[in-house]
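Reviewing the structure listed below.
The values are calculated or read from the model by the stated rules, or taken from the named source; none is laboratory data. Quick caveat: nothing in here was measured; it's all calculated off a predicted structure. Cβ atoms come from the backbone with ideal geometry, glycine included; neighbour counts cover every protein chain shown. Ligands, DNA and RNA are excluded from the accessible area calculation, which covers all protein heavy atoms including side chains. Shrake-Rupley method; radii C 1.70, N 1.55, O 1.52, S 1.80 Å.
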Amino acid sequence: MSDRNVVSWTALMAGYIHIGLPKPALQLFEKMPKTYIFPNPFTFATAVNACSFLSDLQTGRKIHAQIEIYGFQSNLVLCTSLIDMYGKSNYVDESRRVFDSMEYKNVVSWTSMISTYTQNAQGEDALLLFREFIKSTSNKPNQFMFASVINACASLGKLVAGKVTHSAVIRHGYNTNEVVESAIVDMYAKCGLFEYSNKIFRQIQNPGLIPYTSMIVGAAKYGLAKFSLDLFQEMLEKGIRPNDVTFLGVLHACSHSGLVDIGLEYLNSMHEKYGISPDSKHYICTVDMLGRTGRLDEAYQLAKTIPPEVQDREILWGSLLSSSRTHSRLDLAVEASQRLIETNQQLATAYVTMSNTFASVGNWENVSRLRSEMKRNGIYKEPGCSWVEIKDRTYVFYAGDVKSCERGNEVVNLLKELEVRMKERGYVRGRKGLVFVDVEEEAEEVILGLHSEKLALGFGLICIPKGITIRVMKNLRMCGDCHEAFKVISEIVERDFIVRDVNRFHHFRDGSCTCKDFW
């Protein structure tokens with residue numbers, strides 16, 4: 001073109017972004033003023049979008065400063081792009097500052113801020129902002145806002161809010177939108193209503209990749225490996241091509257069900273059959289799968305092949321550390337803990353798991369040393385936290401904290417009564433739950449009896465009518481002792497309990513769990 005203007009420059013930048021090449025778009029943006037053609041608001045918005053794709057906060061801030069200089073800081077499209085850019089760079093407070101500075105907001109800007117909260121694990125803030133949107137504006141939510149709100153409900157395990165939002169989706173006519181439908185399927189699965197999730201899924205006409213992937217992942221986390229793999233085959237028979245996330249769900253199903261050889265076949269088929277190169281997440285899942293079944297040497301050899309610069313290395317070595325402890329491989333536990341400490345992530349997990357490993361073989365000298373190191377370095381274990389939702393209120397419980405526990409005395413008395421009935425059935429507290437310090441048996445029993453999930457269960461038994469499933473959410477992995485206790489209690493009180501811990505779901509019924517004691 002002999003006569004280029006701001007429109008043609010901006011169009012070319014947008015074209016690069018559209019085909020997934022944001023870096024050339026930013027290069028054009030830098031070059032454009034040198035030709036004495038200056039950006040307009042749409043040019044700036046396009047450049048900000050390029051930074052969002054790259055999560056390039058440094059360049060994004062420079063462009064934000066230029067926007068202020070050019071006097072475009074009140075532009076609706078630009079502000080919405082900045083909210084998205086800061087959100088994708090994990091700077092939520094910056095997003096909110098831009099949002100609050102806007103004189104006029106439309107549904108897109110509200111949606112962008114709600115999505116930012118949801119994507120950055122601030123679901124409560126997302127729900128609060130959604131309520132504010134409903135009360136303070138006459139605008140109607142769109143499908144993207146609904147999807148973000150439902151995802152927030154899913155991450156928090158807020159079934160009541162999820163159901164209310166589902167009703168609003170139906171009223172606004174978005175119940176046939178695939179993105180919203182997939183979010184609803186995922187939400188019910190993550191709130192422990194897998195049967196209802198499956199029911200919604202089966203109502204979708206011609207479900208595509210996203211709904212199928214949501215169901216495959218949901219079934220995997222619920223311990224329904226066969227169901228998950230059957231869904232995968234059903235999807236393939238319909239000619240729907242899987243993506244990398246679908247395979248993560250499939251590998252997760254194999255990992256949590258001990259189907260190692262099948263899982264390895266799926267891993268190998270990714271590139272051979274579908275041209276998908278496995279990334280670090282797939283290999284991390286495979287290391288976890290091998291470790292859970294005791295094939296630790298294979299898991300370790302695979303872990304060493306993953307480059308040190310990849311993301312989520314702390315998950316990789318944390319998984320191997322946990323498996324090494326479970327299978328009493330002290331040599332690999334020491335190696336994995338050192339690697340985990342090198343990542344400077346999950347330091348408390350590394351120290352606590354190592355301490356538990358040494359304690360399991362009676363090496364109390366090293367237990368004491370590790371505990372001293374933690375105190376000296378200011379490293380503290382994340383407290384166990386569980387919560388239950390009753391009507392529209394969430395009740396939170398912390399391990400050993402009876403004073404702040406709702407109806408604490410009643411809960412403790414009920415747990416004591418159940419303890420007596422459990423012992424009559426042969427239940428004996430093991431040492432799976434807490435071995436971080438060398439405590440007397442009586443003291444250890446008290447501590448184990450007050451794990452957060454047990455306090456939450458006791459409260460649920462008091463407050464939730466019989467016949468209704470008690471759903472408990474937990475921020476950490478459920479301990480072995482609590483798992484055994486929940487199985488026995490489910491048989492004693494003849495009730496169903498569902499626990500969602502950081503890894504998966506446990507559905508307790510008639511003295512057994514859907515995980516078949518493999519998690």
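General remarks:
- Whichever aspartates and glutamates have a C-alpha closer than 18 Å to that of LYS375, once near sequence neighbours (fewer than 8 apart) are set aside: GLU365, ASP438
- Axis of helix 178-190 versus longest Cα principal axis of the chain: the two differ by about 20°, to the nearest ten degrees.
- Converting phi to 3J(HN,Hα) with the Karplus coefficients 6.51, -1.76 and 1.60 and the offset θ = phi - 60°, region 371-376 yields 5, 5, 4, 4, 5, 5 Hz in sequence order, with x at every glycine or proline.
- Here the Karplus relation 6.51 cos²θ - 1.76 cosθ + 1.60, evaluated at θ = phi - 60°, turns the backbone of region 120-125 into coupling constants of 10, 6, 10, x, 4, 5 Hz, with x for every Gly and Pro.
- Spatially proximal lysines relative to LYS304 (Cα-Cα < 23 Å; intrachain offsets below 8 disregarded): LYS281
- GluC sites (Glu not before Pro) restricted to region 281-339 and DSSP loop, no more than 10 other C-beta within 10 Å: GLU309
- Most tightly packed first, judged by the mean number of other beta-carbon atoms within 10 Å of their residues, the peptides 290-297, 250-257 read 250-257, 290-297.
- Amide H partners (placed H, <5 Å) of THR394, local residues excluded: none
- Computed from Cα atoms, the angle from the helix 159-171 axis to the main principal axis of the chain rounds to 40 degrees.
- For the chain, the longest principal axis of the C-alpha atoms and the axis of helix 330-342 are separated by about 30°.
- Reachable aspartates and glutamates, given that their alpha-carbon falls under 17 Å from the alpha-carbon of LYS403 and they are not under 8 places away in the same chain: GLU453
- 3J(HN,Hα) from dihedral phi, region 140-145, Karplus parametrisation 6.51/-1.76/1.60, rounded to Hz, x for glycine, proline: 9, x, 9, 5, 6, 5
- Ordering 232-242, 75-85, 454-464 by mean Cβ neighbour count within 10 Å, with the highest value first, yields 75-85, 454-464, 232-242.
- For the chain, accessible area per residue (1.4 Å probe, heavy atoms of protein chains only), Å²: 49
- With all protein chains in place and ligands, DNA and RNA left out, the 1.4 Å accessible area ranks PHE227, PHE358 as PHE227, PHE358, largest first.
- Overall form of the chain per C-alpha gyration tensor (a/c, 1.5; a/b vs b/c): prolate
- Value of relative contact order over the chain, rounded to a whole percent, pairs C-alpha under 8 Å and six or more apart: 8
- Pairs of Lys residues in region 57-204, spaced 8 or more positions apart or belonging to different chains, with C-alpha separations under 29 angstrom: 24 in total.
- The residues packed around PRO24, meaning those with a beta-carbon under 13 Å from its beta-carbon, carry a net charge of +1 if Lys and Arg are +1 and Asp and Glu are -1.
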